[in-house]
Amino acid sequence: MLLCRCRGHLWPTMELWPKGYDWNKWFEELDNNFAARPDDLYIASFPKSGHHWSFEFINMIYNGNADSVNKSKLENFFEMHEIREIEEMPSPRILMTHLPYDTMPQDVINKKCKIICIMRNPKDVCASHFNHVRGIAEYKYDGDWNHFFELFLKGEVENGPWLSHVKDWWTHCKDNPNVLFLKYEDMKHDLFANIKRVGEFLGKTYDDDLYRKMAENSNFDVMKKNAKAKELPGIFKTTDGTFFRKGKIGDWKNYFTVAQNERFDAVIEKELKDTGLKFQYE
Ligand code: A3P
């Protein structure tokens, strides 16, 4: 897999990222030239946790209608832009990010910007991530599931490790009123209620009918049908793409062996037990 280490984490180095990608330079520019704006909204997640999905309904909430935003979330992807491009974006900016908390500019916290953190159970993240890196030609990854499983557990995947990513965001922000945590599984169980929570967090006072329409129009089947507008042309090996693959809770069961599941459970249990963070796996 094409990854490099910078500031204690792993980052993609494919050409579809700006400059090819020189992460040291990008972070240097971030440190020196980036200014958060109080009306920025950041949507933070570990990869494969429902970032595209949340981009869709959060745009609906911003636009005050239930129409698909009809563009790729990658256009608003923080790390995929040079800092001067981010500076040129008009306010209010919606910035999608996979940055681990310790690499996030403190200015965002100091200026009290709103942040929505999306989390998903790590077994489905792992299975989804496996399909993602296998599906995008530029990763040049053809390892099998057993190989990827070990990489994921060691944290040797993009933006890894998953554990420190979620733990850090959670411990630093769980009591911050400007940060809202959403879980993929809760959204699957009741999308309407979760979209409404986001609307209220963003200070909107829409009626339930509009929230219900937003939920209908951002469900998996509708988004998959409309996927073309949201995928980058040519990055996937198959025409199916991987941003809208299965959209289910529990697909991990098609990948994990019993022994892998037991090992995974032991690690997650030990690492999350004092955090109050819990995930649903089916
Ligand atoms: P699967 O690979 O398990 O299907 P991200 O956008 O963060 O890359 O996450 C991608 C995952 O979210 C994929 O999971 C994708 O299918 C799923 N997803 C995308 N849109 C969704 C939706 N509207 N509802 C539920 N899951 C969705």
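No value in this document is a laboratory result; all are computed from the given coordinates. Given the structure is predicted, the values throughout are model-derived calculations rather than measurements. All Cβ positions, even for glycine, are placed from backbone atoms using ideal geometry, and neighbour counts span all protein chains on display.
For the reader, a short list of remarks on this structure follows.
- Within segment 164-172, one or more residues are over 14 Å from the mean Cα position of the chain (by Cα) and aromatic (Phe, Trp, Tyr).
- Residues in segment 187-214 that are buried (at least 20 other Cβ atoms within 10 Å of the Cβ), within 16 Å of the ligand (Cβ to nearest atom) and among the small types (Gly, Ala, Ser): there are none.
- Flag for residue 122 being under 18 Å from the mean Cα position of the chain (by Cα), buried (at least 21 other Cβ atoms within 10 Å of the Cβ) and either among the hydrophobic types (A, V, I, L, M, F, W, C) or more than 11 Å from the ligand (Cβ to nearest atom) (or both): yes
- The numbered conditions (1) over 21 Å from the mean Cα position of the chain (by Cα); (2) within 16 Å of the ligand (Cβ to nearest atom); (3) under 24 Å from residue 155 (Cα atoms) are all true for residue 247 except (1).
- Qualifying residue in segment 75-92 (condition: of a type in the set (Gly, Ala, Ser) and part of a helix (DSSP H, G or I)): no
- Some residue of segment 154-173 being among the polar types (S, T, N, Q), outside any strand (DSSP E or B) and more than 23 Å from residue 263 (Cα to Cα): yes
- Residues located in segment 56-71, provided they are small (Gly, Ala, Ser) and closer than 16 Å to residue 204 by Cα: 64, 66
- The residue of segment 41-94 that is farthest from the ligand (Cβ to nearest atom), among those that are touching a helix residue (DSSP H, G or I) at 6+ places or on another chain (Cβ under 6 Å) and basic (Lys, Arg), is 73.
- For residue 8, the stated conditions hold: it is among the small types (Gly, Ala, Ser) and away from the ligand (no atom under 15 Å from the Cβ).
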